[in-house]
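One structure is given below, encoded as structure tokens.
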Amino acid sequence: MAPPPPFDGDPYAMIGNDAAETRRASLSESYRTIAIPKGAPFWRRLLAFSGPGYLVAVGYMDPGNWATDIAGGSAFGYQLLSVILISNMMAMLLQALAARLGIAAGLDLAQACRARYSRPVNLSLWVLCEIAIIACDLAEVLGTAIALQLLFGLPLLWGVGITAFDVLLILMLQNYGFRLLEAFIVTLLVVIAGCFAYELWIAQPDLAAIAGGLIPTARIVTDPAMLYIAIGILGATVMPHNLYLHSSIVQTRAFDTDDAAKRDAIRMATIDSSIALGLALFINAAILILAAATFHVAGRNDVAEIGQAYALLSPMLGAGAASVVFAVALLAAGQNSTVTGTLAGQIVAEGFLDLKIPVWARRLATRLLAIIPAVAVIAALGDRGATDLLVLSQVVLSLQLPFAVVPLVAFTSDRALMGGLASPGWLKWAAWGVAGVIIGLNVTLLVGFL
């Protein structure tokens, strides 16, 4: 069978394995709704393209990152900073590929999988992606519940129940257009970044030790405990559902469909996501540095819970506001991740299954699937179980990564799909190298478990 033709910009173009099958554009309610000024200076075009990268960056600093970064910084000091840096560089490359796919082919990653793979393969990839989204949502549920407990003294089970209603926030934001949604995300990101800038100013970390931590060591692979946290950081940093999300939301921009305009759009989208992920790098590194500078240097290598970190920050740093600022940032991170998790779930359901369901129903279903294990673990194990579940959710995300990364690299290297905008040789081989590293780390983790 001949491969399907490249997407031509028509939101109802035929892309399925069956020539009679048609599909809506990804996020059809927001498709090409944001104008790009023609003939405008570079900075104005970049401003018009800015936004999707920050929605993607949210997934790289969600509450799951907090648990892995705190555990890593407390137990191993600054040594895992290199993992955060390398993971972020991988993320920049993979998100650039996701944007390239959405702009050049006009398909999000889920749609491309549906167009190119058999139904059994497609359904398997969908199930794996849904598991990843539920694992991510689990982190958001637990992170928000922990933040509510720290700030207002609510029991964790109550906080978990309250998270079921944040679907109303998503519905309200989406009703006022995609740009408002992006503005909300950026505002909360600024709050998070400001909170951690304050925390680092108070903590006064060792700059020489930070520089040394950016250099990888063999112990990361040979020490099973360090490897477990390292792969958790990878799973928390490079998130599979973000690849589906980014390939879709870049299509909210109304760029021209000729190759020159698409090439410019790819460049702008790549700059946007790279700047946003630079902010995510700062926040992730700041969490680990804060844990290393506050807990590890004081001999508290056992701090692995967010609640523990909250309780110890103010007395150990000698600043009364340190713990409150920490909890405010956590709450902002949880709410931010809620928005992007909703969008990713909608994109995956529409892309893999061509299933158009109300956003509130999709969000509520995903949230309930995350709440059930959260309630069960907290009821059985208490607050400590919540943190363990947070770290485990990030490892689950990491295990799902190859099933999103391999199709993405394959599609963006395919000239039949991408035309003249397929990945050049250096980018293709760099991407396959990243895929190989991710697969290798996951195999190592599984062998260690067995």
Using a/c under 1.5 as the rounded threshold, could you call the range 74-155 rounded, prolate or oblate? The axes a ≥ b ≥ c are square roots of the C-alpha gyration tensor eigenvalues, and prolate needs a/b larger than b/c, oblate otherwise. oblate
Go ahead and set up a Gaussian network model of the chain, Cα springs under 10 Å, then flag whichever of V221, V160, V434 fluctuates most. V221
Listed residue (G39, P120, F326) projecting farthest to the positive dipole end of the chain, Cβ model: G39
Taking 8 Å as the Cα distance limit and 6 or more residues as the minimum spacing, I'd like the relative contact order of the chain as a percentage. 35
Dipole in debye (nearest 20) - the chain, about Cα centre, beta carbon charges: Lys, Arg +1; Asp, Glu -1: 700
What number, rounded to the nearest 500 deg cm²/dmol, is the helix-based mean residue ellipticity at 222 nm of the chain, given -39500 (n - 2.57) per DSSP H run of at least four residues and division by all its residues? -24500 deg cm²/dmol
Once Lys and Arg get +1 and Asp and Glu get -1 on their Cβ, which of A379, V437, A291 lies farthest toward the positive end of the dipole of the chain? V437
Take every Cα pair under 8 Å in the range 21-116 that's 6+ residues apart, average their separations, divide by the length, and report that relative contact order as a whole percent. 20
For Cα extents along the principal axes in Å, calculated from these coordinates, the label among (i) 71, 61, 47; (ii) 95, 51, 37; (iii) 63, 51, 44: (iii)
Mind telling me which of M172, M61, M90 comes out most flexible in a GNM of the chain, alpha-carbon contacts under 10 Å? M172
Dividing the mean separation of Cα pairs under 8 Å (6+ apart) by the residue count of the range 270-331 yields a relative contact order in percent of 19
List the DSSP H helices in the chain whose Cα atoms stretch 30 Å or more along the helix axis and whose mean Kyte-Doolittle hydropathy is at least -1.0. 81-104, 119-152, 178-203, 259-294, 322-353, 359-381, 425-449
Can you send over the carbon and sulfur percentage of the accessible area for the chain, probe radius 1.4 Å, protein chains only? 71
What does the accessible area per residue of the chain come to in Å², with a 1.4 Å probe and no ligands, DNA or RNA counted? 37
Considering the chain as a Gaussian network with a 10 Å cut-off on Cα pairs, which listed residue, L148, L234, L397, attains the greatest mean-square fluctuation? L148
For the pair A164 and A218, how long in nm is the line joining their label points, each one 7 Å along Cα→Cβ? 5.3
Given a 1.4 Å probe and heavy atoms of the protein chains only, how would you sort W66, W158, largest accessible area at the top? W158, W66
Would you kindly state the longest site-free stretch of the chain, with sites defined as GluC sites (Glu not before Pro) in a DSSP loop (not H, G, I, E, B) surrounded by at most 15 other Cβ atoms within 10 Å? 30-450
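The values are calculated or read from the model by the stated rules, or taken from the named source; none is laboratory data. Keep in mind the model is a prediction, meaning the values are calculated, not measured. As a convention, Cβ positions derive from the backbone with ideal geometry for all residues, glycine included, and neighbour counts pool all protein chains shown. Note: areas computed on protein heavy atoms with side chains; ligands, DNA, RNA excluded. Shrake-Rupley method; radii C 1.70, N 1.55, O 1.52, S 1.80 Å.
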